Every structure is written in structure tokens, then in C-alpha cells.
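The values are calculated or read from the model by the stated rules, or taken from the named source; none is laboratory data. Note that this is a predicted model, so its numbers are computed, not measured. Ideal geometry is used to build each Cβ from the backbone, glycine not excepted, and the neighbour counts take in all protein chains shown.
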């Protein structure tokens, strides 16, 4: 994939990734009865927060982002791009697949979409893993001042937005790489448990989110109707 695509990706989905309004010129999907359908029916995903959740989305062809939020501080979202490595969907060694996902996460996700707009953004912990039977790259991010909800400070009257501890998992599916994300801490938390037994406890939430997805293959040698996640 050319460097120009990476530049284009970084230019238009950074805001939505951080739960801010996306640019008005972007293509948007449809949202009906809690089911979101991406432009071109690339995929569908059911909102874990119900049909009245706040939705932010934006696509340029088959590259884009979708974020669901509520007033309680919950967030679920995804980012998708065409695979940047031709081996991303190949039947290869698990460790190699995980390394490809790690490289996408660092080069096409964290550096361009998070660190470029949140100077103090950090990858607090990351590791290779398996997600719903697939090779995955799993990480915990700290995004200061980018919690999905805000409150008014009683003393100053200013709107205050807390920190976000964002749990993410990266997988490749049908010619695209997906970053799934959710808030890993309770709303209003000021710290996060990074112990070996606690840091990735957000994965069941993302597994349920992923289970509400269907995919339309974007590979030229595959045709047919959308299929459920995990099939």
C-alpha cells in the first residue's frame, strides 16, 4: 500500500478516533434500530450501547472509523483500513501475523491517529495474543484529556474532560485491518490497573462488540453475502 494512502488515512479519521466530530465531507453509513451499516456495505455492526447511542463515523471509500458513545462515558469503536501488508490475511505463522498487526498498530494507527493529536498519548502495555480464534495485537492506551464524557467544574464553570484508558485489539479480516476499541476503565477513573492479571480485562467487552459484526469480503477472489464475525 502506498504512503499516500497512509497520509490520506491520517488526514481524515483522526478526529473520529478520538471521539470528536468527523469532517462533514466524509461519506457516512446508515444507523437504524441500533444497527450500523458502513458505506458500500463493507461491514455491519450492532451498537453495544443501544439504538440511541451517539454515533460518529466517517469513510473515504473503504477506509474509515465508527464510534458509539453514551452520556455515561462508555465508548465502543473501530477503525478499518485496507491491509497495508500483502501477507496480512495469508495463512502464515501466527507470530508473523502478530508482527504484521503490531506494525500496522504502530505505523498506521497509534503514531498517526493518536500521538499526532494527543501529544502525551502513551502505549501503556501491549502484547501479541489471540482474539476470537484469530492472531491479534492487544494494547492499552492512555489518552490524557480524551475521555468520551465531560463535566462542568463547579468552581470554574469550565468543561473538564478526563483521561481515557483505551483498550484496543487489532485483527485482520477479509482484506482489511481492524482496530476495535473501548474504554477500559470506569467513567471518572483517575488511574488504571496495569497488573499482568488485570490490564486486558476489556477483551470480553470487545469480543461481544465483535460478535455483533458481519463482513462483506473485499478480496477480489471471494464473492457472496456478508458473513458473521468468527466465520
**OP:** State whether the residues of the stretch 6-26 include one that is buried (at least 18 other Cβ atoms within 10 Å of the Cβ), within 18 Å of the chain's Cα centre (by Cα) and at pLDDT 85 or above.
**Re:** no
Original post:
Given the conditions (1) farther than 18 Å from residue 174 by Cα; (2) surrounded by 21 or more Cβ atoms within 10 Å (Cβ to Cβ), and given that residue 79 satisfies all but one, which numbered condition is not satisfied?
Top reply: (1)
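Which of the residues belonging to the stretch 103-124 are in contact (Cβ under 8 Å) with a residue 60 or more places away in the chain and surrounded by fewer than 17 Cβ atoms within 10 Å (Cβ to Cβ)? Spell out the reasoning first.
Residues of the stretch 103-124 that are in contact (Cβ under 8 Å) with a residue 60 or more places away in the chain, as a first pass: 104-105, 107-109, 112-114, 116-118, 124.
The answer is 107, 116, 117, 124.
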Original post:
For the stretch 154-169, which residues satisfy the criterion of being under 21 Å from the mean Cα position of the chain (by Cα) and in a strand (DSSP E or B)?
Top reply: 161, 164, 165, 166, 167, 168, 169
Original post:
Given the residues 185, 149, which is the only one that is farther than 22 Å from residue 102 by Cβ and crowded, with 19+ Cβ neighbours inside 10 Å?
Top reply: 185
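I'm checking my understanding of the structure. Among residues of the stretch 170-199 that are under 15 Å from residue 125 (Cβ atoms), in contact with a strand residue (DSSP E or B) (Cβ under 6 Å, 6 or more places away or on another chain) and part of a loop (DSSP other than H, G, I, E, B), which one is modelled with the lowest pLDDT? Please lay out each step first, then the result.
Taking the stretch 170-199 as the starting set, the residues that turn out to be under 15 Å from residue 125 (Cβ atoms) are 170, 181, 184-185, 191-199.
With in contact with a strand residue (DSSP E or B) (Cβ under 6 Å, 6 or more places away or on another chain) added as a condition, the list becomes 170, 181, 184-185, 192, 194, 199.
Add one more test, that the residue is part of a loop (DSSP other than H, G, I, E, B), and what stays is 184-185, 192, 194, 199.
Values: 184: 92, 185: 81, 192: 77, 194: 81, 199: 92.
Among them, the one singled out is 192.
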